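Below is one structure, written out as structure tokens; comments come after it.
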Amino acid sequence: MIQTHRLILRPARMEDLADLHAIMSDARAMRYWSHAAHATTERTERYLTGMVAAVPEAEEYMVELCTDPGRVIGKAGCWRPDEVGYIFHPDVWGNGYAYEALAAILPRAFARNPDLQAITADVDPRNVASVRLLEKLGFEHTGSAENTFEVEGVWTDSVFLSLPRARYAGPAASIAG
């Protein structure tokens, strides 16, 4: 578990299904994701089952507000040791929660993987807010590619970013556990 000033980041649990489905079934939240919004709870349950099975190896967390513990507002972390990902419910966008969560997760991901030279991100370039967030965290642009994901018959592009270990000097967070 990681606790920041406003957030609790903890491993996924099957009890998170309703909150996670509220996020992953929302077309706004999934607009730039690599697959379509989840049409059924069963689809989200399969996704969540994979997240739960990855605990404790994964550096991926469910995100709750300290003021509303138990209600998941998003998820963030390294879904692979070297690649970051995050998604939050649109109702909480614009409050700096993604930055706060990732600023707490990134140092821990580097600490847990001493051979890891960089953490990467693959972002739809239309997702300007996400690109800005990663830049604010110190990520650098490393390239781009066209037609990398097909979602409901529409091809999207990717911009690739990287946070080299040598360049990372991110903010510290209060880490518990």
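Within region 153-165, identify whether any single residue is part of a helix (DSSP H, G or I), buried (at least 17 other Cβ atoms within 10 Å of the Cβ) and either of a type outside the set (D, E, K, R) or at positive phi (or both), and answer yes or no.
Taking region 153-165 and keeping what is part of a helix (DSSP H, G or I), we get 165.
Narrowing further to those that are buried (at least 17 other Cβ atoms within 10 Å of the Cβ): none.
Checked against the condition, which is being part of a helix (DSSP H, G or I), buried (at least 17 other Cβ atoms within 10 Å of the Cβ) and either of a type outside the set (D, E, K, R) or at positive phi (or both), region 153-165 yields no hits at all.
Return the pairs, sorted by first residue and then second, in which the second residue is in a strand (DSSP E or B) and of a type in the set (S, T, N, Q), the first residue lies in region 140-153 and is within 15 Å of S34 (Cβ to Cβ) and touching a residue at least 40 places away in the same chain (Cβ under 8 Å), the beta carbons are less than 7 Å apart, and the residues are 6+ apart or on different chains.
Qualifying pairs under 7 Å: F149/T156.
On the basis of being over 22 Å from L7 (Cα atoms), at pLDDT 95 or above and part of a helix (DSSP H, G or I), does E100 make the cut? Let's see the steps before the verdict.
On the way: over 22 Å from L7 (Cα atoms): no; at pLDDT 95 or above: yes; part of a helix (DSSP H, G or I): yes.
Spelling it out, it is not the case that E100 is over 22 Å from L7 (Cα atoms), at pLDDT 95 or above and part of a helix (DSSP H, G or I).
Tell me, yes or no, whether region 106-119 has at least one residue that is assigned to a strand (DSSP E or B) and under 22 Å from R31 (Cβ atoms).
Our first condition is that a residue be assigned to a strand (DSSP E or B); within region 106-119, this holds for 118-119.
Subset that is under 22 Å from R31 (Cβ atoms): none.
No, there is no match, as no residue in region 106-119 is assigned to a strand (DSSP E or B) and under 22 Å from R31 (Cβ atoms).
Residues checked against (1) aromatic (F, W, Y); (2) touching a Lys or Arg at 6+ places or on another chain (Cβ under 8 Å):
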position: G77; (1), (2): no, no
position: V84; (1), (2): no, no
position: I87; (1), (2): no, yes
position: G96; (1), (2): no, no
position: E100; (1), (2): no, yes
position: I105; (1), (2): no, no
position: F110; (1), (2): yes, yes
position: N113; (1), (2): no, no
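I'd like the full set of residues that are exposed (fewer than 14 other Cβ atoms within 10 Å of the Cβ) and either part of a helix (DSSP H, G or I) or among the β-branched types (V, I, T) (or both), limited to region 120-147.
Passing the criteria: V128, A129, R132, E135, K136, T142.
What are the residues in region 84-102 that are within 13 Å of K136 (Cβ to Cβ), of a type outside the set (F, W, Y) and surrounded by fewer than 19 Cβ atoms within 10 Å (Cβ to Cβ), if any?
G96
Quick check on this structure: which one of A76, A109, A22 is under 22 Å from L137 (Cβ atoms) and modelled with pLDDT of 95 or more? Spell out how you get there, then give the answer.
On the way: A109 fails: modelled with pLDDT of 95 or more; A22 fails: under 22 Å from L137 (Cβ atoms).
When all the criteria are applied, what remains is A76.
Out of the residues in region 47-83 that are under 12 Å from P11 (Cα atoms) and acidic (D, E), which is surrounded by the most Cβ atoms within 10 Å (Cβ to Cβ)?
E59
The values are calculated or read from the model by the stated rules, or taken from the named source; none is laboratory data. Quantities reported herein were computed from a predicted structural model and do not represent experimental measurements. With ideal geometry, Cβ positions are generated from the backbone for all residues, glycine too; neighbour counts draw on all protein chains shown.
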